[in-house]
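Note sheet for the following structure.
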Amino acid sequence: MTADAARRADVVVVGAGQAGLSAAYHLQRRGFVRAGSAAAGTGQSAAEGPAAEVPPAGTYIVLDAEDGPGGAWRHRWKSLLMATVNGISDLPGIPQPDVDPAEASSSFLSRYFGGYEHDLGLAIERPVKVQSVTREDDDPAGRLTITTSRGRFSARAVINATGTWTRPFWPIYPGKASFRGRQLHVADYVSANEFRGQHVIVVGGGISAVGLLDEISKVTSTTWFTRRVPVWREAAFDRQAGHDAVALVEERVRQGLPPQSVVSVTGLIWTPALRAAAARGVLDRHPMFTAIEPDGVRMADGSFLAAGVILWATGFRAELEHLAPLHLRGPGGGIAMDGTQVAAEPRVHLVGYGPSSSTIGANRAGRAAVAGIVTLLARTGIT
């Protein structure tokens, strides 16, 4: 590719985690072929081989910033085992192989994703970092330019599946810069053994916070802080409860408000491990401290708590900075959505965003995004 040339595809998928792989699967199932392949130029389907006579529905390419398969799972801490990780939905079309509960989720899911990509022959290129997405002109049915670390791509539509792992949220807190101990985010967590002999403060009210509290408390002392009193559920969700929770998140993004995590409306589910942690006093939650000081934090009641580590389990934000040139955000700070489609820009779909941030939601969103794009391309024509 020359400095001035852009590789053309009808659809560019950004990201190859669960949502991106789901989108790629459904594109291929609909007859889309790898951009630049022989089938794309001859009207044959790459998935069906040289003898196929069915013209492709269009072309696609998946651009992934990682060095290998697995998406964000590649970076999860090694102690997050398949026995303890939240339920992971199968990728569409190929179920998970047999699971060893003692295997790290990072290695199992990277292997599963890699085998999935290979077996289906998905059109994935990596490592490719997408830097920006811009409109080529003022034509609402025109093309989009995707500028990357490997040059430019031109597409009729973009499915964004970049997730959240690369944008950990660090709250701004009084005195934070003065702390002489170690501060880290869940995204940087490796092992509880790093903290042995130090008092660890864990901040956050989600699944990662309580899971790491349980783990770290087995090797050293901990204190748990949250902004809100956590809501615990006695039983796992049935289908209706899950549907209702996702609907609440979906309504926010439909209104153009920043999405909340699904767990913020579902609450936390008691597991045997967490009940054992609660019995040890590990889950005795404290209201947020008022300030960070060099050697600890100032508690809400005015007392001082000495600590050597602050672990911020404060969640992540959607990685959408490369879409900033499209000016998709509204006055509410979020992006108004119609399903997976950006309401103000039908050429862009967000999967793994808001209500589709769970693994099962990501699978459904990939299918919905492809269906929307097929309709868009049929209406505007493929050029």
Provide the net charge surrounding residue 135, with neighbours chosen by a C-beta distance below 11 Å and charges set as Lys +1, Arg +1, Asp -1, Glu -1.
-3
DSSP beta bridge pairing in region 110-243, given as percent antiparallel to the nearest 5
70
What are the trypsin sites (Lys or Arg not before Pro) within region 284-354 that DSSP puts in a loop, where the Cβ has at most 14 other Cβ atoms within 10 Å?
317
Show the residues, 5+ positions off or on another chain, whose built amide H is closer than 5 Å to the amide H of residue 60.
10, 11, 33, 34, 35
Given the whole protein assembly as supplied and a 1.4 Å probe, what does the accessible area of residue 78 come to in Å², nearest 10?
140
Stretch residue 327-residue 278 to full length: gain in nm at 0.36 nm per residue minus the Cα-Cα span?
13.1 nm
Label-to-label distance, nm, for residues given as residue 375 and residue 131 (7 Å Cα→Cβ offset)
3.6
Two-site FRET efficiency, residue 288 against residue 199, from Cβ-Cβ distance with R₀ of 22 Å, rounded to 0.05
0.80
Counting only other residues whose beta carbon sits under 11 Å from that of residue 292, what net charge do I get with K and R as +1, D and E as -1?
+1
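Counting other Cβ atoms within 10 Å of each Cβ, which GluC sites (Glu not before Pro) in region 114-169 have at most 12 and sit in a DSSP loop?
Details: sites: 117, 125, 136; in loops: 136.
Sites meeting the loop and neighbour criteria: 136.
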What full-extension length gain, to one decimal in nm, is calculated for residue 298 and residue 228 as 0.36 nm per residue of separation minus the Cα-Cα distance?
23.4 nm
State the extension gain, in nm to one decimal, for the chain segment bounded by residue 100 and residue 218, taking 0.36 nm per residue of separation less the distance between their alpha-carbons.
40.1 nm
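The values are calculated or read from the model by the stated rules, or taken from the named source; none is laboratory data. Here the structure is a predicted model, which is why all the values come from computation and not from measurement. No Cβ is skipped: glycine too gets one built from the backbone with ideal geometry, and neighbour counts run over all protein chains shown. We work out accessible area using only protein heavy atoms, side chains counted, and drop any ligands, DNA or RNA first. Shrake-Rupley method; radii C 1.70, N 1.55, O 1.52, S 1.80 Å.
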